[in-house]
Amino acid sequence: METTRVAICSHKGGVGKTTLALNLGLALAQLGHRTTVMELDSQESLAASLLRPGRTMPGLHEVVTGSVTLGEALVATKVPGLSLLPAGHVDPLEAVGFQSLLAQPEGLGPVLEALKGERFVLMDCPSGVGGATLGALGVATHTLIPIQAEPLSLRSVQLVLETMAGVRDRRNPDLELLGLVLMMFDRDADASMEVVRAAWRDFDPEVLFETVVPRSPVYLDASLHGVPVAFMAPGMHPEGRRFQMLAEEILRRLAREEVGHAGPAQSLL
Amino acid sequence: MPVQHRAYFELGVAAELTRRLRGTQAAPTVAGRAAAPSPTALAPEPQPAPPAPAPAPAAVAGSSGLGTFHTPEARYAEELWEALLRWLKEGLDAEGVFAMDQHGFSIAGVGSEPFVPPEVMLAAFTSMTQLLDAYLGEGQPVRKVEFTAEDRSPMALFHFSWTGQTILVGVSGGRRLGAEEFAGVAAVMERELEAFSVKRNQAEGDVG
């Protein structure tokens with residue numbers, strides 16, 4: 001089976017891209033699908049959430065600049081089938097150059113070619129539509145867009161969709177929208193509820209995933225402990241199960257794509 | 001009444017872009033989620049007419065104790081929904097009964113309004129079912145969630161699937177309806193909706 005390469009991107013920052021990438025990657029691996037989560041953000045959010053403070057490791061930056069091999073940079077986890085490729089250490093003054101490098105086909109292309117044994121590669125893009133995001137969209141098969149359940153995030157959705165449409169028209173005609181995921185939903189906040197209601201009203205069920213990720217202190221705690229949220233309770237924290245439900249939705253959606261039917265999304269309940 | 005702030009909530013252009021990028025068209029759902037309200041928005045999308053079904057039994061299967069449901073001469077789906085919910089309300093001596101789709105949008109309602117906004121109920125229902133599913137595991141699905149408040153009648157929310165959609169039915173006050181008993185009610189609703197759908201599609205075919 002071909003690798004599904006998913007660019008997780010958003011124009012707005014702080015919407016939960018890294019949370020989505022890491023926890024979805026874990027869920028897919030737990031469901032038996034070999035997955036690599038690749039960090040394209042030179043802020044090293046993924047590595048920062050998993051490593052002890054002050055510790056760095058080589059990653060994508062070192063791979064694309066040729067100082068280490070992919071095998072040396074790829075981090076195997078204790079979860080069978082889940083690997084991580086952190087961004088590596090990027091000097092802040094070189095961040096723009098790193099992004100430019102990723103924007104070129106020869107930047108991410110060879111890395112993804114080497115990962116073609118994986119069922120999924122999730123690319124955690126930096127916010128905005130800089131070179132790294134454009135590079136990821138250029139080599140991805142699908143785009144997954146998190147929407148923070150707050151008003152400003154809604155405004156940014158159109159921008160990232162327009163970017164995706166532009167990349168599809170000019171560079172990657174096979175790029176598909178996998179869907180939109182509502183993140184950080186706070187049902188006690190009127191504004192958050194309004195955003196969710198607007199999204200439910202206007203986006204088709206085949207576009208907007210049923211699974212909604214709430215705003216919950218457990219995500220902050222997970223980040224503090226440097227683990228995916230599923231690891232925050234014995235067995236599995238219920239929020240981890242939430243990402244498994246999202247993973248199941250994604251798998252069903254991809255299965256429908258394969259048989260050429262874009263039917264209505266399956267029910268969450 | 002929620003206040004619409006600025007233009008953040010105008011997602012028409014973005015929604016159209018998603019359809020283009022996802023390769024889908026706007027499709028009305030049971031509650032007409034993606035379509036403007038219309039007399040038939042509550043009915044499912046027209047399908048090729050299947051073979052005529054067996055006549056729907058008029059009474060609830062099992063021991064629901066709700067008595068016979070008399071199929072109305074409904075021309076629009078709203079009329080059927082109203083009859084179904086009124087039958088449920090009277091059978092349970094409830095204060096109010098309502099139905100909504102899987103996104104929290106109202107399909108129909110009779111009697112008193114729910115004291116919890118439908119969106120909040122849906123969010124709570126979804127959270128509860130997800131959490132309980134995570135703890136209970138497969139094979140023990142949650143069918144009912146009850147909402148209580150000190151000075152209000154308790155309200156129960158049930159769900160059933162019809163044509164791939166999840167329909168949620170809420171009951172406030174009155175006799176409590178068990179999850180198993182609700183299965184009988186859901187069966188009647190499914191049969192009536194299906195029969196109505198077939199009848200409507202045949203009528204449209206005749207016109208076409």
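Any read-out appearing in this document is the output of simple, stated calculations on the displayed coordinates, not a laboratory observation. Computed from a predicted structure; not experimentally measured. Note that each Cβ is placed from the backbone with ideal geometry, even for glycine, and that neighbours are counted across all protein chains shown.
For the pair A:GLU113 and B:GLN202, what calculated FRET efficiency results from E = 1/(1 + (r/R0)^6), where r is the Cβ-Cβ distance and R0 = 56 Å, to the nearest 0.05?
For B:GLN202 and A:GLU113, the calculated efficiency is 0.50.
Name the lysines eligible as straight-distance cross-link partners of A:LYS78: C-alpha to C-alpha under 29 Å, and not fewer than 8 places from it in the same chain.
Qualifying lysines at Cα under 29 Å: A:LYS17, A:LYS116.
In what sequence, highest mean first, do B:147-157, A:157-167 appear when ranked by Cβ atoms within 10 angstrom?
Ranking the peptides B:147-157, A:157-167 by packing returns A:157-167, B:147-157.
Plugging the Kirkwood radius over Cα pairs into Stokes-Einstein for region A:1-150, at a temperature of 25 °C and a viscosity of 0.890 mPa s, what D comes out in µm²/s?
Answer from the Stokes-Einstein relation: 164 µm²/s.
Could you give the size of the charge dipole of region A:4-268 about its Cα centre, using +1 on the Cβ of each K and R and -1 on the Cβ of each D and E, expressed in debye and rounded to the nearest 20?
Dipole size: approximately 380 debye.
If I model a spin label at B:GLU16 and B:SER106 as a point 7 Å from the Cα along the Cα→Cβ vector, what separation in nanometres do I get?
3.0
When chain A is modelled as a GNM with alpha-carbon springs shorter than 10 Å, which of A:MET38, A:MET123, A:MET193 fluctuates the most?
Evaluated over chain A, the most mobile residue of the options is A:MET193.
What does the extension gain come out to for A:VAL259 and A:ASP221, with contour length at 0.36 nm per residue minus their alpha carbon separation?
9.6 nm
Taking 2.2 N^0.38 Å as the expected size of a compact globular protein, what ratio does the Cα radius of gyration of chain A give against it, to two decimals? Write out the running numbers ahead of the final one.
Values: Rg = 17.4 Å, N = 269, 2.2 N^0.38 = 18.4 Å.
Output field value: 0.94.
Nearest 0.05, what FRET efficiency do B:GLU73 and A:ASP169 give at R0 = 41 Å with Cβ-Cβ as r?
Computed FRET efficiency for B:GLU73 and A:ASP169 comes out at 0.20.
If each of A:VAL79 and B:ARG86 carries a label point 7 Å out from its Cα toward its Cβ, how far apart are those two points in nm?
Spacing of the two 7 Å Cα→Cβ label points: 5.3 nm.
Between A:GLU94 and A:GLU248, what is 0.36 nm times their sequence separation minus the Cα-Cα distance? Round to one decimal in nm.
Working: separation 154, 0.36 × 154 = 55.44 nm, distance 3.88 nm.
Computed gain between A:GLU94 and A:GLU248 is 51.6 nm.
For peptide A:159-168, how many partner chain Cβ atoms fall within 10 Å of a residue's Cβ, on average?
Partner Cβ neighbours, averaged per residue: 2.
Say a paramagnetic label sat at a point 7 Å from the Cα of A:THR56, along Cα to Cβ; which residues of region A:86-116 have their backbone N under 11 Å from it?
What the label zone holds, given the 11 Å backbone N cut-off, is A:88-94.
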